[in-house]
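I have placed the structure first, in the form of structure tokens, so that the comments after it can refer back to it.
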Amino acid sequence: MDLIVLMPFYNEEKQIPVTVNRMIPLLDALDLRYSLLLVNDGSSDGTWKAIEDASDRHYGKVRGISLSRNFGKEAAICAGLDVADADAVILMDGDLQHPPECIPEMIRLWREEGYEIVEGVKSDRGREGVFSRLQAKLFYSMFRRMSGYDLSNASDYKLLDRKVVLKWRTLGEHNTFFRGLSAWLGFRRVSFPFEVAERQTGRSRWKISSLLRLSVHAIVSFSAIPLHLISFIGAIFLIGTLILLIQTLVNYFSGGAADGFTTVIIVTLAIGACVMISLGLIGTYVALIFDEVKNRPRYIISEDTGVARDGDTESQTAKKES
Ligand code: UDP
Ligand code: MG
């Protein structure tokens, strides 16, 4: 296989036929051996049925795998990359917000110019709420400061050479952050700009809580700076302590030591808050370490429509049609 286009889907039953009908003619025109790999991320609607239908209709061109529950987009990506056996894998959103028209150019950059990672950068984030724009901005600036990787306007729309996919599979962590890890992997890379398209059916499948969790995981797994920040806050408190110590002693020896109750309350509350926040921070790291130590699989595949094997395409198609 030359190319596999990998797409995760969560509750997108209406979107599947739209996506497949748009992708197949586009990929047919490219004159290479390809297949679509559609990952059902434990949808609760008819997404898996729609994927099975698509794989029956386009036997050999569409393969579906289904996860046993909703593991999240990151895990769905991992599942796809683990089963994808091709010279290149293109990862894109199943809702076609990553315009498929960019694929020929991605292939050209990979084939003719020898790039091993071709990544899409959002030149325009499309129609997006103020809150999610702000959240993205805040997250990326924090991530850049703490990890040193500038991912602003990065996306999951990427082409990965087989070499990169094989290296990706050796990464051992269970809580993955695809964008960050693909930057970490290195390789010869090039980026191209694209405009985020409108969603044709449904709405964004991300809940604010899952986005927040992914942001925390991403920062915690790429940086220990938050932990060092605790020492920094401690140092600031130490300086404050020294100043107050001198003032308290001066007051004591000059006979006016009874005052200062307000200061005591404020200092106690401030220290309490800092200690709690620091514990929470450490707890976040411990929880993530615990998650990794348990060593559970990243996802569980419960169903697979299978790959077409050489020679059985015609007969299988005939069987499916009858
Ligand atoms: N998705 C997924 N699992 C999830 C959430 C989303 O596989 O738990 C898929 C979703 O079906 C879509 C892609 O990831 O194909 C991008 O999701 P979405 O469009 O909701 O995100 P946004 O475009 O708002 O970033
Ligand atoms: Mg989308």
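Quick one: in the stretch 195-246, which of the residues that are touching a Lys or Arg at 6+ places or on another chain (Cβ under 7 Å) and of a type outside the set (Val, Ile, Thr) is nearest to ligand 1 (Cβ to nearest atom)?
In the first step, residues of the stretch 195-246 are kept if they are touching a Lys or Arg at 6+ places or on another chain (Cβ under 7 Å); the result is 196, 198, 201-202.
Okay, now just the ones that are also of a type outside the set (Val, Ile, Thr), so 198, 202.
Working: Glu198: 11, Gly202: 8 Å.
Out of the qualifying residues, it is Gly202.
Contact map, the stretch 290-315: first residue at pLDDT below 90, second residue acidic (Asp, Glu) and outside any helix (DSSP H, G or I), Cβ cut-off under 9 Å, separation 6 or more or different chains; pairs are Val307/Asp85.
So, of the residues in the stretch 98-154 that are part of a helix (DSSP H, G or I) and polar (S, T, N, Q), which turns out to be nearest to ligand 1 (Cβ to nearest atom)?
First pass over the stretch 98-154, keeping only residues part of a helix (DSSP H, G or I): 100-111, 130-147.
Narrowing the set further to residues that are polar (S, T, N, Q) leaves 132, 135, 141, 147.
On the way: Ser132: 8, Gln135: 11, Ser141: 19, Ser147: 21 Å.
Of everything passing the filter in the stretch 98-154, Ser132 is nearest to ligand 1 (Cβ to nearest atom).
Tell me, which residue of the stretch 290-308 that is closer than 16 Å to Asp53 by Cβ and of a type in the set (D, E, K, R) is surrounded by the most Cβ atoms within 10 Å (Cβ to Cβ)? For the stretch 290-308, the residue satisfying everything is Glu303. Kindly establish whether Leu159 is buried (at least 18 other Cβ atoms within 10 Å of the Cβ) and in contact with a Gly (Cβ under 7 Å, 6 or more places away or on another chain). Taking the combined requirement at face value, the residue does not satisfy it.
Among the candidates Lys163, Lys167, Lys137, Lys158, single out the residue that is closer than 26 Å to Asn70 by Cβ and either touching a residue at least 40 places away in the same chain (Cβ under 8 Å) or not aliphatic (A, V, I, L, M) (or both). Being closer than 26 Å to Asn70 by Cβ and either touching a residue at least 40 places away in the same chain (Cβ under 8 Å) or not aliphatic (A, V, I, L, M) (or both) holds for just one of Lys163, Lys167, Lys137, Lys158, which is Lys158. The single residue among Gly129, Gly72, Gly114 that is at negative phi and either within 14 Å of ligand 2 (Cβ to nearest atom) or of a type outside the set (A, V, I, L, M) (or both) turns out to be Gly129. With the requirement that a residue be touching a Leu at 6+ places or on another chain (Cβ under 9 Å), among the β-branched types (Val, Ile, Thr) and assigned to a helix (DSSP H, G or I), what does the stretch 190-245 give you? Those that are touching a Leu at 6+ places or on another chain (Cβ under 9 Å), among the β-branched types (Val, Ile, Thr) and assigned to a helix (DSSP H, G or I): Val216, Val220, Ile230.
The values are calculated or read from the model by the stated rules, or taken from the named source; none is laboratory data. On a predicted model such as this, the values are computed, not experimentally measured, just so you know. Here Cβ is always computed from backbone atoms with ideal geometry, including for glycine, and neighbour counts include all displayed protein chains.
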